[in-house]
Amino acid sequence: MEYVTLNNGLKMPILGFGVYQIPDLEECERVVSEAIQTGYRSIDTAQAYGNEAAVGNAVKKSGLPRSEFFITSKIWITNGGYEKAKASIDESLRLLQTDYLDLMLIHQPFNDYYGTYRAMEEAYDAGKLKAIGVSNFYPDRFIDIATYSRIKPMVNQVETHVFNQQSQAQEIMQEYGTQIESWGPFAEGKNDFFNNAVLKEIGGNHGKSVAQVALRYLIQRNVVVIPKTVSQERMTENFSVFDFALTDGEMAEIQSLDQKESLFFSHYDPETVKFLTSFGS
Ligand SMILES: NC(=O)c1ccc[n+]([C@@H]2O[C@H](COP(=O)([O-])OP(=O)(O)OC[C@H]3O[C@@H](n4cnc5c(N)ncnc54)[C@H](OP(=O)(O)O)[C@@H]3O)[C@@H](O)[C@H]2O)c1
């Protein structure tokens with residue numbers, strides 16, 4: 001495994017395992033257990049995924065020391081604001097059956113996220129959170145919170161894949177000492193992702209799949225990746241990305257796939273924001 005070092009010195013695996021859209025607790029526990037057997041030690045969950053308890057079970061049942069894992073969760077919009085966020089951090093710890101999280105993120109930049117951030121800073125000071133950060137903070141809101149927060153965000157998790165590469169956002173994060181983390185490294189298969197001709201051809205040069213090339217590209221750009229799959233075969237495939245390297249020419253070819261816009265949603269679209277804030281507080 002390769003690691004990135006966050007701005008507080010904490011080491012984070014550059015490759016982890018995401019559990020979005022695995023709401024069934026039994027299935028989630030099974031896939032996380034299989035991921036752990038495959039070698040994954042970093043697991044990305046969220047309050048909104050409803051499966052923190054399943055992740056906690058799988059980690060516990062693995063029998064491995066807690067210190068081997070890097071567990072991330074995220075505070076949902078409805079738990080925004082100091083008091084609710086503070087209580088929700090304790091609830092996440094309870095569900096995950098642990099007395100600390102390696103990383104807690106604000107899931108979306110809505111509701112009273114400054115209050116949320118202060119609750120995370122306090123939990124960080126208390127040792128309940130080893131690192132804190134944000135998610136889906138576009139450059140404007142990211143610069144704002146990175147400027148005015150007492151503890152600079154250690155991570156910003158944003159949609160990042162070959163079609164939306166976030167190069168400018170990554171440069172801005174670097175200015176503030178914040179590590180970029182990709183969600184949706186395969187764009188959830190959108191845009192006929194797994195049949196992309198450029199990625200296929202480059203994969204052919206190395207005996208690797210489209211998925212492996214897509215992950216390797218991000219890793220070589222120092223982007224943390226957390227691909228999701230419910231298939232053990234694909235877990236192994238997605239984990240096998242440290243035994244080859246893309247050439248400068250291949251990196252440039254993949255760079256040219258960048259469309260510089262989301263395949264999912266934009267926070268600059270009022271309808272998206274109305275939808276996200278409709279969850280209430
Ligand atoms: N912060 C946020 O707002 C946010 C938003 C979205 C996601 N995330 C995080 O990022 C993680 C990853 O993103 P994601 O789950 O949205 O999507 P993703 O990892 O880009 O794509 C997952 C999809 O790709 C398929 N897949 C996985 N490996 C494959 C392979 N080797 N070959 C072919 N198909 C493959 C999976 O199918 P199978 O499962 O059937 O294999 C699934 O349909 C999430 O699980 C979550 O932890 C965060």
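The values are calculated or read from the model by the stated rules, or taken from the named source; none is laboratory data. From a predicted model like this one, the values you see are computed outputs, not experimental measurements. Reconstructed Cβ throughout: ideal geometry from the backbone, glycine too, with neighbour counts over all protein chains shown. Note: areas computed on protein heavy atoms with side chains; ligands, DNA, RNA excluded. Shrake-Rupley method; radii C 1.70, N 1.55, O 1.52, S 1.80 Å.
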Subject >> Every pair of residues 6+ apart whose Cβ atoms lie under 6 Å, when the first sits in segment 112-127 and is free of Cβ contacts under 8 Å to residues at least 60 places away in the same chain while the second is in a helix (DSSP H, G or I) and surrounded by 18 or more Cβ atoms within 10 Å (Cβ to Cβ) >> reply: T116/A85; A119/A85; A119/K86; A123/I89
Original post:
Cβ-Cβ below 7 Å, separation at least six or inter-chain, first residue in segment 57-68 and in contact (Cβ under 8 Å) with a residue 24 or more places away in the chain and closer than 17 Å to D102 by Cα, second open to solvent by 90 Å² or more (accessible area, probe 1.4 Å) and of a type in the set (K, R): which pairs?
Top reply: none
Subject >> Which listed residue is open to solvent by less than 10 Å² (accessible area, probe 1.4 Å) and more than 15 Å from the ligand (Cβ to nearest atom), from I89, I132 >> reply: I89
Subject >> Checking A146 against (1) open to solvent by less than 10 Å² (accessible area, probe 1.4 Å); (2) in contact with a Leu (Cβ under 6 Å, 6 or more places away or on another chain), the condition it does not meet >> reply: (2)
Original post:
Taking segment 59-83 as the region of interest, how many residues are surrounded by fewer than 20 Cβ atoms within 10 Å (Cβ to Cβ) and farther than 15 Å from A131 by Cα?
Top reply: 12
Original post:
Across segment 44-101, what is the number of residues that are outside any helix (DSSP H, G or I) and either touching a Gly at 6+ places or on another chain (Cβ under 9 Å) or at positive phi (or both)?
Top reply: 14
Subject >> In segment 227-253, the residues that are surrounded by 15 or more Cβ atoms within 10 Å (Cβ to Cβ), within 9 Å of the ligand (Cβ to nearest atom) and not in a helix (DSSP H, G or I) >> reply: P227, K228, T229, V230
Subject >> Residues that are away from the ligand (no atom under 16 Å from the Cβ) and part of a loop (DSSP other than H, G, I, E, B), drawn from segment 6-17 >> reply: L6, N7, N8, G9, L10
Subject >> Only listed residue being touching a residue at least 40 places away in the same chain (Cβ under 8 Å) and crowded, with 18+ Cβ neighbours inside 10 Å, chosen from N205, N196 >> reply: N196
Original post:
In segment 212-226, which residue that is of a type outside the set (S, T, N, Q) and not in a helix (DSSP H, G or I) is most open to solvent (accessible area, probe 1.4 Å)?
Top reply: R221
Original post:
Only one of these conditions is not met by G177: (1) in contact with a helix residue (DSSP H, G or I) (Cβ under 8 Å, 6 or more places away or on another chain); (2) more than 9 Å from the ligand (Cβ to nearest atom). Which number is it?
Top reply: (1)
**OP:** Pairs only if they're at least six apart or on different chains, beta carbon under 9 angstrom, first in segment 18-30 and in a helix (DSSP H, G or I), second basic (K, R) and exposed (fewer than 15 other Cβ atoms within 10 Å of the Cβ); list them, first residue then second.
**Re:** E29/K61
